[in-house]
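So the structure is just underneath, and the comments pick up after that.
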Amino acid sequence: MLAPIVAIAVSAVRPLVDNSFLWHVEAGRVQLAAGEVLRTDPFSFTFFGEGWRTQSWLADIGYATLERWVTDVAWVPWLLTIAGVALLGMVALDLYREARSPTIVGLALVVLLVITTRFLVPRPVIISLVLLSAVIVATRYRSTHWTVPLLMWVWAAVHGSWVLGVGFVLLEAIRTRSRRLGWVAAGAVVTASLTAHGVAVWQILWRFAMNREALDVIQEWQRPDFLELQFVPYLVGIVGVGVAVAQRRVSRWDLVVIVPFALFGFTSARATLPALLVLAPYAVRPLRNVASGSGSRSALNAGIAGALVLLGVAVVVSATTGPHPERFPIEASRSIDPGATFHSDVVGGYLIYRGQPVFVDDRAELYGAEFFGSYRDARDGVEWRPLFDEYGITAALLDVDDGLVEVLGEAGWGERYRDDSFVVLEHVELEE
């Protein structure tokens with residue numbers, strides 16, 4: 001029954017709303033055509049040619065290859081299904097090793113699913129979560145330690161969060177007092193530095209660190225609002241760990257791993273699930289004796305099967321058939337000329353996907369905090385003229401609710417296009 005459930009879930013799709021994913025597809029096309037990874041910005045007319053490396057080059061190329069086989073992102077539901085199955089399956093294995101009860105594993109997966117659906121998007125971040133889970137499982141068994149450096153090479157070619165994997169393995173080496181894991185962590189650092197970018201992977205991380213102010217304007221980099229349901233599982237995990245500590249089911253050496261990742265989960269919305277994946281085995285320790293389990297392989301399989309059923313629900317929520325017409329300017333973008341058009345960072349991702357030069361998108365590490373601040377002020381209708389003059393802006397593609405719409409109208413700009421979501425305005429030269 002499991003296969004039909006997943007198949008139905010994949011069929012019950014809804015349009016894509018993730019703008020970051022779209023520019024990753026175009027980045028893959030550009031790299032396949034060039035035969036090399038990107039080292040400068042090819043997409044914007046504001047920062048064209050500036051130094052910029054796509055940290056997710058391997059994922060980008062994979063996306064572009066899939067786009068060749070199945071056009072118009074129709075392949076995305078399958079990517080989400082495979083990635084989601086792999087993620088929850090490995091989490092189930094790790095939790096079962098700790099709890100030895102399919103009941104506990106099933107309950108834990110239900111809690112995890114609430115937060116996982118937030119991350120079940122086609123961006124490379126979902127692949128990084130799968131790789132984090134794989135690294136966690138691989139460190140548990142001496143026979144699989146050799147796979148960690150290989151996993152880290154892939155991770156460093158897919159997403160900048162690979163440093164979490166290195167940090168986890170290093171902390172595990174300290175927790176278990178294992179010199180072997182210490183060497184594994186060192187090997188992971190070496191292999192991560194041997195991807196197509198070489199040691200420049202460290203430069204990518206440095207640029208992100210130096211542009212933290214710019215990243216803070218993006219919602220997922222802001223601190224999580226724990227009043228939202230999707231972040232409650234993280235608090236549940238923290239409570240579980242706290243109970244385990246109170247019951248003395250956590251040793252002082254365990255705290256070497258627990259404390260850094262618990263604090264990390266509070267730093268931003270996107271940090272909550274990676275932190276929870278590390279903390280979950282400790283959080284279920286208080287439940288060890290609550291539900292009995294035979295410890296049989298069949299019971300474990302039943303637990304994993306339950307995870308797959310739950311994943312089907314997640315795919316229904318997150319799958320896609322194409323860009324959402326209310327999220328992206330599918331029709332409005334046809335009313336603008338390539339080049340000097342002002343628009344939002346969300347619109348930028350879509351325009352890149354369609355092969356048009358952009359004013360801005362969500363690559364905050366490229367644009368920097370100062371530019372992002374000026375852009376946000378202009379979009380609100382504040383101090384827009386200097387920015388428009390600097391880049392020769394002659395048109396604006398805006399959300400109908402943007403403050404700049406009314407401001408430009410009062411300044412004499414005329415409407416070229418309008419629908420329920422977007423409006424295109426153009427500068428009108430006044431006759432003398």
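The values are calculated or read from the model by the stated rules, or taken from the named source; none is laboratory data. Since we're looking at a predicted model, the values are computed, not measured. Methodologically, a virtual Cβ is constructed for each residue, glycine included, from the backbone with ideal geometry; neighbour enumeration extends over all protein chains shown.
Based on what the data block shows, is G198 in a helix (DSSP H, G or I), modelled with pLDDT of 90 or more, surrounded by fewer than 17 Cβ atoms within 10 Å (Cβ to Cβ) and small (G, A, S)? Spelling it out, it is not the case that G198 is in a helix (DSSP H, G or I), modelled with pLDDT of 90 or more, surrounded by fewer than 17 Cβ atoms within 10 Å (Cβ to Cβ) and small (G, A, S). In the set (1) of a type outside the set (F, W, Y); (2) under 20 Å from G349 (Cα atoms); (3) out of contact with any Phe, Trp or Tyr (no Cβ under 6 Å at 6 or more places or on another chain), the condition left unmet by L66 is number (3). When region 340-351 is limited to residues that are under 24 Å from G28 (Cβ atoms) and assigned to a loop (DSSP other than H, G, I, E, B), the one that is farthest from the chain's Cα centre (by Cα) turns out to be H343.
Restricted to region 95-119, and to residues that are in contact with a Ser or Thr (Cβ under 7 Å, 6 or more places away or on another chain) and within 27 Å of A269 (Cα to Cα), which residue is surrounded by the fewest Cβ atoms within 10 Å (Cβ to Cβ)?
In this case the residue turns out to be T117.
Contact map, region 127-146: residues that are at pLDDT 95 or above paired with residues that are acidic (D, E) and crowded, with 18+ Cβ neighbours inside 10 Å, Cβ distance under 6 Å, separation 6+ or inter-chain. Pairs shown: I136/D94; V137/D94; T139/E172. Considering region 38-76, the residues that are under 25 Å from T116 (Cβ atoms) and buried (at least 22 other Cβ atoms within 10 Å of the Cβ) include one that is modelled with the lowest pLDDT, namely V73.
To keep it simple, each residue is scored yes or no on (1) of a type in the set (D, E); (2) assigned by TED's automatic domain parsing to the domain that holds L93; (3) within 29 Å of G62 (Cβ to Cβ); (4) not in a helix (DSSP H, G or I).
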residue: M152; (1), (2), (3), (4): no, yes, yes, no
residue: G160; (1), (2), (3), (4): no, yes, yes, yes
residue: V166; (1), (2), (3), (4): no, yes, yes, no
residue: V169; (1), (2), (3), (4): no, yes, yes, no
residue: A173; (1), (2), (3), (4): no, yes, no, no
residue: G182; (1), (2), (3), (4): no, yes, no, no
residue: A186; (1), (2), (3), (4): no, yes, yes, no
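Here V405 qualifies as without any contact (Cβ under 8 Å) to a residue 40 or more places away in the chain, crowded, with 18+ Cβ neighbours inside 10 Å and of a type in the set (V, I, T).
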